[in-house]
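Please treat every number below as a calculation from the coordinates, not as lab data. Because the structure is predicted, anything quoted here is derived from the model rather than measured. Heads up, the Cβs are rebuilt from the backbone with ideal geometry, glycines too, and the neighbour counts pull from every protein chain shown.
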Amino acid sequence: MDLTHIDKEGKANMVDVSPKPPQIRTALAEGFIKLNTATVELIRNNQMKKGDVLTVAEIAGIQATKKTSELVPLCHPLALTKASVTTKLTETGVKVTCFTKCIGPTGIEMEALTGVQITLLTIYDMCKAVDKNMIIENIHLIEKNKKNVSHE
């Protein structure tokens with residue numbers, strides 16, 4: 001199997017996607033951060049000193065989706081048409097889900113994964129003063145899809 005991001009000499013290579021037709025592309029990713037019970041309660045009651053943890057983290061995740069090509073060297077800059085991040089507080093932590101969408105010639109899963117990761121890192125940053133045992137885990141792509149653009 002050939003790696004698309006490596007040229008004939010084994011050097012890093014940004015793939016030329018210009019011959020590919022634009023398609024509607026979506027991706028969904030998720031991850032989790034384990035928190036102490038006391039931290040979960042502080043978030044639930046909006047008592048963290050840095051503010052509303054989940055809202056700030058969701059906004060950070062959306063911002064991150066738009067900056068993915070600046071962070072991951074061989075990613076193409078994509079014009080997102082939708083990015084949404086949802087957080088769900090559980091008894092043991094926070095589940096994060098990120099959905100991304102664009103019309104373009106290449107996939108958008110890196111944006112969804114980046115959105116999840118930065119959301120989780122923001123939660124970590126906002127809670128690190130009270131929780132020294134946080135674990136970020138299970139960041140993965142749930143699905144990615146593409147379909148032709150209809151011109152109806």
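At a glance:
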read-out: Proximal lysines relative to residue 82, as straight alpha-carbon distance under 29 Å, when same-chain residues fewer than 8 apart are discounted; value: 20, 34, 50, 66, 67, 95, 101, 144, 146, 147
read-out: Expected 222 nm ellipticity per residue - DSSP helices of 4 or more, -39500 (n - 2.57), all of the chain, to 500; value: -9000 deg cm²/dmol
read-out: Bins of 10 Å from zero: percent of alpha-carbon pairs in segment 33-145; value: 15, 46, 26, 12, 1
read-out: Packing-based ranking, highest mean first, of 116-124, 14-22, 74-82 given that Cβ atoms within 10 Å are counted; value: 116-124, 74-82, 14-22
read-out: Tilt relative to the chain, helix 109-127 - C-alpha long axis, 0 to 90 degrees, to 10; value: 20
read-out: Alpha carbon centroid spacing (whole Å) that separates segment 113-140 from segment 21-63; value: 8
read-out: For 100, 37, order by how many other beta-carbon atoms lie within 10 Å, fewest first; value: 37, 100
read-out: Residue-wise HN-Hα coupling along segment 79-88, computed from phi with Karplus coefficients 6.51, -1.76, 1.60 (Hz; x: Gly, Pro); value: 8, 5, 9, 7, 9, 9, 10, 10, 10, 10
read-out: Rounded to whole Hz, the Karplus (6.51, -1.76, 1.60) HN-Hα couplings of segment 89-94, x for glycine and proline; value: 6, 10, 5, 10, x, 10
